[in-house]
Amino acid sequence: MDRQKIKEAGLKLTPQRLAILDYLRDNLEHPSAEDIYKAILERFPTMSFATVYNTLETLREKGAIQELTIDPQKKRFDPNPRPHHHLICNRCKKILDIHIDYQLHVPEEKKNGFEIVGNHIEFYGICPGCRLKMSGMQS
Ligand code: ZN
Ligand code: MN
């Protein structure tokens, strides 16, 4: 996701959109709209949550960012629009990237006539921080 692509998509680079793009650039945390809003509020105290949310929706529609629905509590946003997979912590909902090209085969009779164009694998587990907390609770 870069400024050139945003311009090509016909989006005006307003200061608000730039702030959101700057926050998302190289951000590997998969933040929610609320996280992004809180982070940007310091620089733009008058920006509303609706503006942040609408901007994220627009960026998603233009293919500049991805929306992840793997956290059932809230949508998370991924500034990397290219296909990749994710690790999710069942306790703290931390989401990490997995960049591995899995060669998965769907037999013709299971495709139900679909032409398959992609896949997204979610691996669930407990992150190191949560594992440490859990082992502390047991002792
Ligand atoms: Zn965790
Ligand atoms: Mn990701």
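The values are calculated or read from the model by the stated rules, or taken from the named source; none is laboratory data. Nothing here was measured: the structure is a model prediction, and the numbers come from that model. As a convention, Cβ positions derive from the backbone with ideal geometry for all residues, glycine included, and neighbour counts pool all protein chains shown. Just so you know, the surface numbers come from the protein's heavy atoms only, side chains and all, with ligands and any DNA or RNA stripped out. Shrake-Rupley method; radii C 1.70, N 1.55, O 1.52, S 1.80 Å.
Of the conditions (1) part of a loop (DSSP other than H, G, I, E, B); (2) open to solvent by 90 Å² or more (accessible area, probe 1.4 Å); (3) within 16 Å of ligand 2 (Cβ to nearest atom); (4) of a type outside the set (Asp, Glu), Tyr124 clears all except one; give me its number.
Going through the list (1) part of a loop (DSSP other than H, G, I, E, B); (2) open to solvent by 90 Å² or more (accessible area, probe 1.4 Å); (3) within 16 Å of ligand 2 (Cβ to nearest atom); (4) of a type outside the set (Asp, Glu), Tyr124 breaks only (1).
Please count how many residues of segment 34-52 are open to solvent by less than 50 Å² (accessible area, probe 1.4 Å) and under 20 Å from Leu87 (Cα atoms).
Number of matching residues: 0.
Output yes when any residue across segment 54-63 is part of a loop (DSSP other than H, G, I, E, B) and within 16 Å of the chain's Cα centre (by Cα), and no when none is.
Yes, the conditions are met somewhere in segment 54-63.
In segment 74-84, which residue that is among the charged types (D, E, K, R) and in a loop (DSSP other than H, G, I, E, B) is farthest from Asn27 (Cα to Cα)? Step through it out loud before you land on a result.
In the first step, residues of segment 74-84 are kept if they are among the charged types (D, E, K, R); the result is 74-76, 78, 82.
The next check asks that each one be in a loop (DSSP other than H, G, I, E, B); those that pass are 74-75, 82.
Details: Lys74: 18, Lys75: 16, Arg82: 14 Å.
Checked segment 74-84; the qualifying residue farthest from Asn27 (Cα to Cα) is Lys74.
Just checking, how many residues over segment 14-33 are over 15 Å from Tyr53 (Cα atoms), more than 12 Å from the chain's Cα centre (by Cα) and open to solvent by less than 50 Å² (accessible area, probe 1.4 Å)?
Looking only at that region, the number is 0.
Can you tell me which residue within segment 86-106, out of those that are assigned to a loop (DSSP other than H, G, I, E, B) and of a type in the set (A, V, I, L, M, F, W, C), is nearest to ligand 2 (Cβ to nearest atom)?
First pass over segment 86-106, keeping only residues assigned to a loop (DSSP other than H, G, I, E, B): 90-94, 99-106.
Subset that is of a type in the set (A, V, I, L, M, F, W, C): 92, 100, 104, 106.
Numbers: Cys92: 16, Ile100: 13, Leu104: 18, Val106: 23 Å.
So the residue we want is Ile100.
For residues that are hydrophobic (A, V, I, L, M, F, W, C) and assigned to a helix (DSSP H, G or I), tally how many sit in segment 11-32.
5
Scan segment 85-129 for residues that are closer than 18 Å to Glu29 by Cα and hydroxyl-bearing (Ser, Thr, Tyr) and jot them down.
Matches in segment 85-129: Tyr124 only.
Is it true that Asp71 is within 16 Å of ligand 1 (Cβ to nearest atom), of a type in the set (Asp, Glu) and either in contact with a Ser or Thr (Cβ under 8 Å, 6 or more places away or on another chain) or in a helix (DSSP H, G or I) (or both)?
yes
I need a count of the residues in segment 73-85 that are touching a residue at least 40 places away in the same chain (Cβ under 8 Å) and more than 12 Å from ligand 2 (Cβ to nearest atom).
Total meeting the criteria: 2.
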